[in-house]
Structures are given as C-alpha cells and as structure tokens.
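The values are calculated or read from the model by the stated rules, or taken from the named source; none is laboratory data. The structure displayed is predicted, hence computed values, not measured ones. Every residue, glycine as well, gets a Cβ built from its backbone with ideal geometry; the counts of neighbours run over all protein chains shown.
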Amino acid sequence: MPVVGPLLFGQDAVAYLAVGLALAAALVLGRSMIGLRLRAVGEDPATADAAGINVPLFQAVVVTLGCALVGLAGAYLSVVGSRVYVDGMVAGRGWVAIALVVFARWSPSRAILGAFIFGAAEALIPRLQVVGAEVPVYLLSMLPYVVTILALVLVAVIDPARQGEPRFLGRAYLRQDR
C-alpha cells in the first residue's frame, strides 16, 4: 500500500499501544461493570458508596492509571519523539491535551478522533516545509494551536449545553460528609 501503508504500519509500538489503550478505555467505560461503577463514582460518590462501591479505591486506581499514562506520554515525547530531553520541549502541547479533553467531552472515541486531528495539524508542519510552501515558519508553528482553537469553537457552537463531565469532578469525597 503505497500511501496508506507507511501511515498505518510505519509507527513505533507506543503509537499502536496508545490507540489500543484508548479503544480499551472506550470499551471498559461504556460496556463493563467496572466502567459503570467508575461513572457512578464520578457522578455521585455518596450513592456509589451506599451501593457498596469502594469509592476511595476507585479514585486512587484511576488517578494512578492516569498519572502512569501521562508519564508514558512524557517519556515517549523525550525518548522517541526527539530522542533527547531539552528544556521547554513540550512547547505548549499540554494545553492542546487539555483542549483534547474538552473536545472529546469525556468520550474515549471522540478523544481518538481529536488526537488524530490535532496530531495531523502537528505533522503537517514539516511536510509543508519540505514541499516548499511559501508560509512563514512562525505561522506554521501556530498551526496546531489554531486548529485546536477552531476545534474548541466548533464543539462549543455545535452543542453548547452538553458538557459530559462527571458531576463530582475535582471535588473530594469524604465518607463522613454524606
């Protein structure tokens, strides 16, 4: 496959692992008892606690898994992406990751789509330079952030009422307070 082959089969193992993890997260969150319990903990931990779910354990495991994935992403960026750590190498990509969460609206399948869109904007920069596009390098460097802002505006315009975040997001649950 001349065009699609290198795109699909020319990646390193972590890229395939990331897609697999996102698909697994979509299946677990949407189609399993663990996902149902996790969503219950996020929506109303007191009710989940009353139903017999160990809320602090669920919260600790999910935060630990999230931190492990963030660490894997950072290691991937410094080891595979640029092969050396350089101070400031992230260059604002953390904001793109936060925008990806907003774009996905807590849906793993939408997160995969958004990651491909934002990644394509990042990958387009060197390709435009190679073909000799007469675009200033500073404008090319802005491309991923412009695409991110446009995606966020599009999501806000299409469906402004539906946010999808868990009701107890960012709030501490203390069993004695229920």
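Going by what's in this entry, would Ile53 be described as on the phi < 0 side of the Ramachandran plot and more than 19 Å from the chain's Cα centre (by Cα)? So that I can check it myself, show each step before the final result.
Numbers: on the phi < 0 side of the Ramachandran plot: yes; more than 19 Å from the chain's Cα centre (by Cα): yes.
Yes: the conditions hold for Ile53.
Is it the case that segment 43-61 has a residue that's surrounded by 13 or more Cβ atoms within 10 Å (Cβ to Cβ), in contact with a Gly (Cβ under 9 Å, 6 or more places away or on another chain), in contact (Cβ under 8 Å) with a residue 24 or more places away in the chain and of a type in the set (D, E, K, R)?
Taking every residue of segment 43-61 in turn, none turns out to be surrounded by 13 or more Cβ atoms within 10 Å (Cβ to Cβ), in contact with a Gly (Cβ under 9 Å, 6 or more places away or on another chain), in contact (Cβ under 8 Å) with a residue 24 or more places away in the chain and of a type in the set (D, E, K, R).
Starting from segment 130-141, keep only residues that are loosely packed, with under 10 Cβ neighbours inside 10 Å, then list their pairs with residues that are charged (D, E, K, R) whose Cβ atoms are within a distance under 7 Å, requiring at least 6 positions of separation or different chains.
Every condition considered, no pair remains.
Looking at segment 68-110, which of the residues that are in contact with a Ser or Thr (Cβ under 6 Å, 6 or more places away or on another chain) and modelled with pLDDT of 80 or more is surrounded by the most Cβ atoms within 10 Å (Cβ to Cβ)?
Looking at the filtered set, the residue picked out is Val96.
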